[in-house]
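Student: The structure is given below, and queries will be raised subsequently.
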Amino acid sequence: MDAITGIAQRMAEIRGSLQAVAPVPVTPRTAATTVSPTAATFAAALETAVSQTQAPATSTARNASGVPADLARYGNGRIPPDALAPVGSTGHRLWAPAAQAFGDLTAAAARDGVRIGITDSYRSYDAQVDVAARKGLYSQGGLAAAPGTSPHGWGLALDLDLDARAQAWMRANAGTYGFEEDTPREPWHWVYSR
């Protein structure tokens, strides 16, 4: 069953890579047939898509709900570890574009002499249930989203360890890297919004 899932995932990746190329009518090729420039472009795109089997394609696209398109098929809090990217050497994982942006953000902060730590990142569904049980639901005065709705479950949110200087730096600069402080009462909670 894992092999079938892998094949289906790879086919979806190839389809996504090919969407950038305009549809080209395919005609049988004979010895006297020359390849048109559009057919050559299509063939090159197909070759590129097929040759990228070592690393899964990562898209920055989001669906209508704002969920990363390449993660939506898994469900909130049900994303396998290999579908997320590591956040440096922290042991935390995020959607690949968010991980890259956060790496750029922390490098810029470090150049300014600011340290930004991470206390939480991707959160599985079971972890969301646990947090909700321990901290209560935000809608009822607590600090947790309803399980299955948290941006942590899509690999988009981070809880950060910020002193006053780091908090001020984040508020002044995080938007440049696509992060926003979107939850009142939670100044440690930052979400990647690009």
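Student: Any residue at all in region 81-89 that's under 17 Å from residue 188 (Cβ atoms) and of a type in the set (Ser, Thr, Tyr)?
Tutor: no
Student: To continue, here is another question. Restricting to region 107-140, name every residue that is assigned to a strand (DSSP E or B) and over 20 Å from the mean Cα position of the chain (by Cα).
Tutor: Listed by number, the list holds a single entry, 137.
Student: Just for region 170-189: of the residues that are in a strand (DSSP E or B) and over 14 Å from the mean Cα position of the chain (by Cα), which one is farthest from residue 120 (Cα to Cα)?
Tutor: 180
Student: Still on this structure, please answer the following. Name the single residue that is surrounded by the fewest Cβ atoms within 10 Å (Cβ to Cβ) among those in region 62-106 being under 9 Å from the mean Cα position of the chain (by Cα) and assigned to a loop (DSSP other than H, G, I, E, B).
Tutor: Going through the qualifying residues, I end up with 69.
Student: Return the residues of region 29-61 that are modelled with pLDDT under 50, assigned to a helix (DSSP H, G or I) and hydroxyl-bearing (Ser, Thr, Tyr); say none if nothing qualifies.
Tutor: Once the filter is applied, which keeps residues that are modelled with pLDDT under 50, assigned to a helix (DSSP H, G or I) and hydroxyl-bearing (Ser, Thr, Tyr), region 29-61 yields only 51.
Student: Just to be sure, is residue 157 among the hydrophobic types (A, V, I, L, M, F, W, C), crowded, with 16+ Cβ neighbours inside 10 Å and within 23 Å of the chain's Cα centre (by Cα)? Step through it out loud before you land on a result.
Tutor: Details: among the hydrophobic types (A, V, I, L, M, F, W, C): yes; crowded, with 16+ Cβ neighbours inside 10 Å: yes; within 23 Å of the chain's Cα centre (by Cα): yes.
Considered against the rule, which asks whether it is among the hydrophobic types (A, V, I, L, M, F, W, C), crowded, with 16+ Cβ neighbours inside 10 Å and within 23 Å of the chain's Cα centre (by Cα), residue 157 comes out as yes.
Student: Give 117, 136, 141, 113 a once-over and let me know the one that is surrounded by fewer than 16 Cβ atoms within 10 Å (Cβ to Cβ) and in contact (Cβ under 8 Å) with a residue 24 or more places away in the chain.
Tutor: Checking each option against the conditions leaves just 117.
Student: State yes or no: is residue 174 surrounded by 17 or more Cβ atoms within 10 Å (Cβ to Cβ), aliphatic (A, V, I, L, M), touching a residue at least 24 places away in the same chain (Cβ under 8 Å) and closer than 20 Å to residue 65 by Cβ?
Tutor: no
Student: If you don't mind, there's one more thing I want to ask. Taking residue 165 as meeting all but one of (1) in contact (Cβ under 8 Å) with a residue 40 or more places away in the chain; (2) closer than 26 Å to residue 62 by Cα, write down the number of the exception.
Tutor: Unmet condition: (2).
Student: Could you list, in sequence order, the residues of region 114-131 that are more than 18 Å from residue 85 (Cβ to Cβ), touching a strand residue (DSSP E or B) at 6+ places or on another chain (Cβ under 6 Å) and not aliphatic (A, V, I, L, M)?
Tutor: Within region 114-131, 117, 119 meet the criteria.
The values are calculated or read from the model by the stated rules, or taken from the named source; none is laboratory data. All values reported here derive from a predicted model rather than from experimental measurement. Please note: Cβ atoms are built from the backbone with ideal geometry, for glycine as well, and neighbour counts cover all protein chains shown.
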